[in-house]
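Taking it in order: structure first as structure tokens, then the write-up.
The values are calculated or read from the model by the stated rules, or taken from the named source; none is laboratory data. It should be emphasised that the depicted structure is a prediction, and the values quoted were computed from it without experimental measurement. Quick reminder, even Gly has a Cβ in these numbers, built from the backbone with ideal geometry, and neighbours come from all protein chains shown.
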Amino acid sequence: MAAEIPFKEGDYVVYPTHGVGKVEAIEKQEIAGHKLELIVITFDKDRMTLRVPTDKAATSGLRKLSSRKMMDDAMTTLRGRARVKRTMWSRRAQEYEAKINSGNPVSIAEVVRDLHRNVGQPDQSFSERQIYEAARDRLASELAAVDKSDMETATDKMLEVLVAA
């Protein structure tokens, strides 16, 4: 007997490396002679469909949306002071990417907070802006799903918090 699947069709879930997706189906397929039960997840933003074997869902980091409290903690993190280490950019960039791919909203909020530039601050490098936008969009997509709003509203809400900090 397979383990109980914590997701059902229509649920919004978070896959660490892709962000928020929607469970379209849980289906059985035969792949290379093996019968597998798969969770089919679609990511509208990337026009991508991901099939995760149910027995690998936990180890892949697939999880339900964050709770309201977790998102509030992430917003509190955004309000904090930026903590930029004085290490080489390549090392910091790796750390930021790891935080984004962890799927943890508080870690992603740290990246957004640390890389956010207010008016009058020096411009970001291309790679800095890429990482900032990836983190911002990842956090906004989960915030939008939790708030039952859209990406634009969630992004505006995050920017208000950042500018007020």
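Of the residues that make up segment 41-50, is at least one modelled with pLDDT of 90 or more, surrounded by 12 or more Cβ atoms within 10 Å (Cβ to Cβ), in the same structural domain as R136 (by TED's automatic domain parsing) and of a type in the set (S, T, Y)? No, segment 41-50 has no match at all.
The set of residues in segment 1-51 that are under 26 Å from E97 (Cβ atoms) and touching a residue at least 40 places away in the same chain (Cβ under 8 Å) comprises Y12, V13, V14, Y15, P16, T17, G19, V20, K45. Is it true that some residue in segment 129-147 is outside any helix (DSSP H, G or I) and free of Cβ contacts under 8 Å to residues at least 40 places away in the same chain? No, segment 129-147 contains no residue that is outside any helix (DSSP H, G or I) and free of Cβ contacts under 8 Å to residues at least 40 places away in the same chain. Only one of the listed residues (T49, T59) is among the β-branched types (V, I, T) and out of contact with any strand residue (DSSP E or B) (no Cβ under 9 Å at 6 or more places or on another chain). That residue is T59.
Checked against the criterion of being surrounded by 15 or more Cβ atoms within 10 Å (Cβ to Cβ), touching a strand residue (DSSP E or B) at 6+ places or on another chain (Cβ under 6 Å) and modelled with pLDDT under 90, segment 98-110 contains one or more residues that satisfy it. Note on segment 59-73: residues that are surrounded by 12 or more Cβ atoms within 10 Å (Cβ to Cβ) and farther than 17 Å from E9 by Cα total 7.
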